[in-house]
Amino acid sequence: MPTRSIEKTFRFDAGHRALGFDYKKEETIHGHTWRLTVTIEATQELGERESIFDTNDLAVVVNSLIDQVDHSFIIWSLDPIYPGLKHLCKSAGIDDKIFPVDFNPTLEGLAKYFFEKISEGMQVGGVVVRRARLECATTLSATHERT
């Protein structure tokens, strides 16, 4: 069967910092306008509609994730500044905008995170999530894909 796929791109704004790099630039608190492109692949023929599936099904899954991270600060729960930052944000009433993760939130780690979460959430027959491509700048992206 020929490969049939469709891509949809989503956008969100979030800050983060990544630990363990030689250049301190990555360890500073900074943010990006992120672009997440998700590729869905058909596992069956197109059928009468001549479509893989309704992309609104994908939007429901992805938008629920984006709602959690949009305008937040993504931080590794093991980051030494996490407890203090959480306390500070709680005192300001914005602790709901701290988004802790259980991994170093690098570009590659976040691409994998989104791929896995979207794959878990997609309960539509006849399709699979093929890849998640995450861009944090026009010149930098990471891809996580099904092999």
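Taking the criterion of being charged (D, E, K, R), open to solvent by less than 40 Å² (accessible area, probe 1.4 Å) and assigned to a loop (DSSP other than H, G, I, E, B), the only residue of segment 5-34 that qualifies is R17.
Residues that are without any contact (Cβ under 8 Å) to a residue 60 or more places away in the chain, under 23 Å from T3 (Cα atoms) and crowded, with 19+ Cβ neighbours inside 10 Å within segment 103-114 comprise just one, A111. Across segment 42-87, the number of residues qualifying as part of a helix (DSSP H, G or I) and open to solvent by 30 Å² or more (accessible area, probe 1.4 Å) comes to 14.
A Cβ distance below 6 Å, combined with a sequence gap of six or more or placement on separate chains, defines the contacts here; from segment 116-127, residues that are at pLDDT below 90 reach residues that are not hydrophobic (A, V, I, L, M, F, W, C) in the pairs V124/D57; G126/T43; G126/Q44.
Taking (1) farther than 16 Å from G15 by Cα; (2) polar (S, T, N, Q); (3) modelled with pLDDT of 95 or more; (4) open to solvent by 60 Å² or more (accessible area, probe 1.4 Å) in turn, T37 satisfies each apart from (4). Could you check, for segment 128-142, whether at least one of its residues is exposed (fewer than 13 other Cβ atoms within 10 Å of the Cβ), of a type outside the set (K, R) and assigned to a strand (DSSP E or B)? Within segment 128-142, one or more residues are exposed (fewer than 13 other Cβ atoms within 10 Å of the Cβ), of a type outside the set (K, R) and assigned to a strand (DSSP E or B).
The values are calculated or read from the model by the stated rules, or taken from the named source; none is laboratory data. Note that the structure is a prediction, hence the values are computed from the model and not measured. Methodologically, a virtual Cβ is constructed for each residue, glycine included, from the backbone with ideal geometry; neighbour enumeration extends over all protein chains shown. Areas reflect the complete protein model, heavy atoms only, side chains present, ligands, DNA and RNA absent. Shrake-Rupley method; radii C 1.70, N 1.55, O 1.52, S 1.80 Å.
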